[in-house]
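Data block below; observations after.
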Amino acid sequence: MIDKIVPSVESAVAGIRNGATIMIGGFGQAGTPFNLVQALVEQGAQGLTVISNSISQAALLVENRRVRKLIASFPIWVDRTRPNPLDEQVPAGEIELVMVPQGTLAEAIRAAGAGIAAFYTPTGAGTLVEEGKEKRIFNGRECLLELALKADAALVKAYKGDRMGNLVYRMTARNFNPLMAMAAELTIAEVEKIVDVGELDPEVIVTPGIFVDRVVKAPKRGEWMYQSESKLK
C-alpha cells in the first residue's frame, strides 16, 4: 500500500536545497505549517524564494536571514513590540520584496496547479503593479498579463491526512493550502491527525493524495512563529 507518512518534521523537509522556491500555506496564523517552517530553519537551507500570503508564514526564515526573495500580499509585521525585519533587510538589499495583490497571488498559484502558464486580470492596471507587464484590453477594460507561480516545494497545513496523502482542512485553514499543494514539485503536509485509508469521507477530501508527497503528524501550534521564545539563531 502507498504510504506517504514520514516519522518527523525533520525528515519531512529533508532534501530542500539552497536557493529553492518554497510556498508556505496559511492566512495569518490559520493553516500555517508552523512546525515545518521551524524544521526548515533548523535544516539550514538558505537563499530561498518564499511565496506566501504574508510575512507571518515565513517569519522564522526571514528573521534568520534564509530568504533572498519574498513574494507576498502583506509584508506586514503584526508584532508591534518588535521591528519588522523587512525594514532592515529590504533597504540593505538582503531581500527582494515583490508585493502581489492577494487575488492575483491566489490565481497565479492556482494557475500553476492547473497547468496554465499565465492569465490576464484587470487588477493593478493603471498602478505601479503594471510596471514591466504586458497589457491588453478586454471588453473595454485594460488588463495585465500575470505569470503563474510554481514552486520546488510547498509546505501546507491540514487537519487530517491519511497514508495515501488525502487531506481535509478545517475552516479558514482552507485558504492558500489547497492551491499551493497543487502548484509544487514536492508537497509536504503537516497534519494534526493521521487516519486510516478509507476513513475520510471522499466528499470532504479537498486535496487528493495525488498532489501530496509527504505527510507528517505534528503538534498543534497556537503561537505566532515570530514570538521570541520560538525564534532561532
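Things worth noting here:
- Number of the condition not met by ALA14 [criteria: (1) small (Gly, Ala, Ser); (2) out of contact with any helix residue (DSSP H, G or I) (no Cβ under 8 Å at 6 or more places or on another chain); (3) surrounded by fewer than 24 Cβ atoms within 10 Å (Cβ to Cβ)]: (2)
- Checked against the criterion of being surrounded by fewer than 17 Cβ atoms within 10 Å (Cβ to Cβ), within 27 Å of LEU147 (Cβ to Cβ) and under 17 Å from the mean Cα position of the chain (by Cα), the stretch 57-66 has no qualifying residue.
- In the set GLY44, GLY25, GLY93, only one residue is among the small types (Gly, Ala, Ser), within 27 Å of ARG214 (Cβ to Cβ) and out of contact with any Gly (no Cβ under 8 Å at 6 or more places or on another chain); that residue is GLY44.
- The listed residue being touching a strand residue (DSSP E or B) at 6+ places or on another chain (Cβ under 9 Å) and at pLDDT 95 or above, out of VAL78, VAL129, VAL90, VAL191: VAL191
- When residues in the stretch 145-176 are screened for being surrounded by fewer than 24 Cβ atoms within 10 Å (Cβ to Cβ) and in a strand (DSSP E or B), 8 of them pass.
- The lone exception for LEU179 - which of (1) buried (at least 22 other Cβ atoms within 10 Å of the Cβ); (2) in contact (Cβ under 8 Å) with a residue 60 or more places away in the chain; (3) under 17 Å from THR32 (Cα atoms); (4) more than 12 Å from the chain's Cα centre (by Cα) it fails: (4)
- Subset of the stretch 133-143 that is free of Cβ contacts under 8 Å to residues at least 12 places away in the same chain and not charged (D, E, K, R) - its residue that is surrounded by the most Cβ atoms within 10 Å (Cβ to Cβ): ILE137
- Residues that are surrounded by 15 or more Cβ atoms within 10 Å (Cβ to Cβ) and basic (Lys, Arg) within the stretch 80-132 comprise just one, ARG110.
- Sole residue being of a type in the set (Gly, Ala, Ser) and not in a helix (DSSP H, G or I), chosen from GLY113, GLY124: GLY124
The values are calculated or read from the model by the stated rules, or taken from the named source; none is laboratory data. Just so it is clear, the structure is predicted and the values come from calculations on it, not from any experiment. FYI the Cβ positions are ideal-geometry reconstructions off the backbone, even for glycines, and counts take in every protein chain you see.
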